[in-house]
Amino acid sequence: MGVVASAPAKVILFGEHFVVYGEPAIVLAIDKRAYVKVETRNDKRIYARSANLNIAGYFEEGVFHPEKGGENARYKLEPVKTVVDKVFELAGRNAGLNIEIRSTVPVAAGLGSSAAVAAATALAVAKTLDIELAKEEVFRITYEAERVVHGTPSGVDPAIATFGGALLFQMDTGVKPLEAEMDIPLVIGDTQIQRSTRDLVAKVRRLREKFPAVIEPIMRSGRKIVLHAIEAIKQQDLETLGELVDINHGLLCAVGVSHEALERLISEARKAGALGAKLTGAGGGGCMIALTEHDKLDAVAEAIQRAGGIPYVARKTDVGARIEP
Ligand code: MEV
């Protein structure tokens, strides 16, 4: 039996990296999800396993014992343990648990896989202990887990994994749902190059510290792009949105987070008729997105594939983290 919960992956349309410094970002939850199944055990171990990542191991009295995947298993499962501890704190009791992670979200690709796993784990563990978590608590616990993975996350990934839909996110004001009546047709292209968000965030930080007078105006331009994009979404103006996507990518190149594989996919997507294309998430590999009119989705997806990427057409989902029926 057990309890199963899930949470969505995401794409950042505008504002990644700059969001870490207080600028706004626009983010969409997409129809790829992480699923986490939790059941109690007779001992006090916290046993966790991810079929996709081929890792497994258990925590006992604070010590991790890998069964599959060695150090990588510890690194990947540590945030799951953080989530479990936070939920135990809220419940005022603990238990031995089996945690099984099944995800359809590519890992370390900029689509928020770690936040989706953390949010789903929080809900499933809470339900197993018979407590209900408010969305705000799921967000807060997921944020704590992301700190273990990324160091200084903005909170945009935990927010979208928790709430779903289309959000305007800013660190000081939090989340605001965007009335995105507009369909935002996107092709995602995965370079399949895994990278570390922590390292890329550190790279931008170093550049900002070295050249504040250069980098800060770039980040303020990022904010203005978001403001124009909110208006374009209201007006259902896909063409303007595409132009803004291209400009945003230029800014991300300027702060050094693109990659030649991303550039290849972006350039081919544009040639195949995308209205705009950019990297999404931390960059340095991972995924790009191409904003594309419906009748060109197939052509853009094929171009991305020919250029060596794995394409898929993403659909927005309004379903945030939830217990599966
Ligand atoms: C990662 O999905 C987005 C970044 O802006 C980091 C963050 O906001 O925590 C690169």
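Any read-out appearing in this document is the output of simple, stated calculations on the displayed coordinates, not a laboratory observation. Note that the structure is a prediction, hence the values are computed from the model and not measured. Backbone-built Cβ (ideal geometry, glycine too); neighbour counts: all protein chains shown.
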Exercise. Extending each Cα 7 Å along its Cβ direction at Ala134 and Lys44, get the distance between those two points in nm, one decimal.
Key: 3.2
Quiz item: Which residues' amide hydrogens lie under 5 Å from the amide hydrogen of Glu293, considering only partners 5 or more residues apart or on another chain, with H built in the peptide plane?
Solution: Leu275
Practice problem: Stick to the Cα atoms of the stretch 3-179, pair each with every other, and give me the Kirkwood hydrodynamic radius in Å at one decimal. | Solution: 16.1
Quiz item: What is the distance, in nm, between label points placed 7 Å from the Cα along the Cα-to-Cβ direction at Asp237 and at Arg205?
Solution: 3.8
Quiz item: Which of Cys253, Leu265, Val204 sits farthest toward the positive end of the charge dipole of the chain, with +1 on the Cβ of Lys and Arg and -1 on the Cβ of Asp and Glu?
Solution: Val204
Quiz prompt | About the Cα centre, charge dipole magnitude for the stretch 48-184 (Lys/Arg +1, Asp/Glu -1 at Cβ), debye | solution = 320
Practice problem: Just tell me which lysines come within less than 21 Å, Cα to Cα, of Lys224; anything on the same chain fewer than 8 places away is out. | Solution: Lys176, Lys234, Lys278
Practice problem: Determine the calculated [θ] at 222 nm for the chain from helices alone, applying -39500 (n - 2.57) to every DSSP H run no shorter than 4 residues and normalising by the residue count; nearest 500 deg cm²/dmol. | Solution: -14000 deg cm²/dmol
Quiz item: Can you give the charge dipole size of the stretch 185-309 about its Cα centre, rounded to the nearest 20 debye, using +1 on the beta carbon of Lys and Arg and -1 on the beta carbon of Asp and Glu?
Solution: 720
Quiz item: Taking a quarter of the surface of the convex hull around the Cα atoms of the chain, what do you get in nm²?
Solution: 16.1
Practice problem: Find how much the distance from Lys176 to Ala91 grows on full extension, using 0.36 nm per residue of separation minus their present alpha carbon separation; answer in nm with one decimal. | Solution: 27.7 nm
Quiz item: Taking the Cα centre of the chain as origin and charging only Cβ (+1 Lys, Arg; -1 Asp, Glu), how large is the dipole, in debye to the nearest 20?
Solution: 680
Exercise. Choose one of Val313, Gly276, Thr292: the residue whose Cα lies farthest towards the positive end of the charge dipole of the stretch 273-325 (beta-carbon charges +1 Lys, Arg; -1 Asp, Glu; about the Cα centre).
Key: Gly276
Self-check item: Hz values of 3J(HN,Hα) by residue in the stretch 24-37 - Karplus curve (6.51, -1.76, 1.60), Gly and Pro given as x
Solution: x, 9, 10, 9, 10, 7, 10, 7, 10, 10, 9, 10, 10, 10
Self-check item: Cα-based reach from Lys37 at 29 Å (exclusive), listing lysines while leaving out same-chain residues under 8 positions away
Solution: Lys10, Lys68, Lys76, Lys81, Lys86, Lys127, Lys135, Lys316
Quiz item: Non-local amide H neighbours of Phe14 (under 5 Å, H modeled in plane, Pro and chain starts lacking H): which ones?
Solution: Ile26
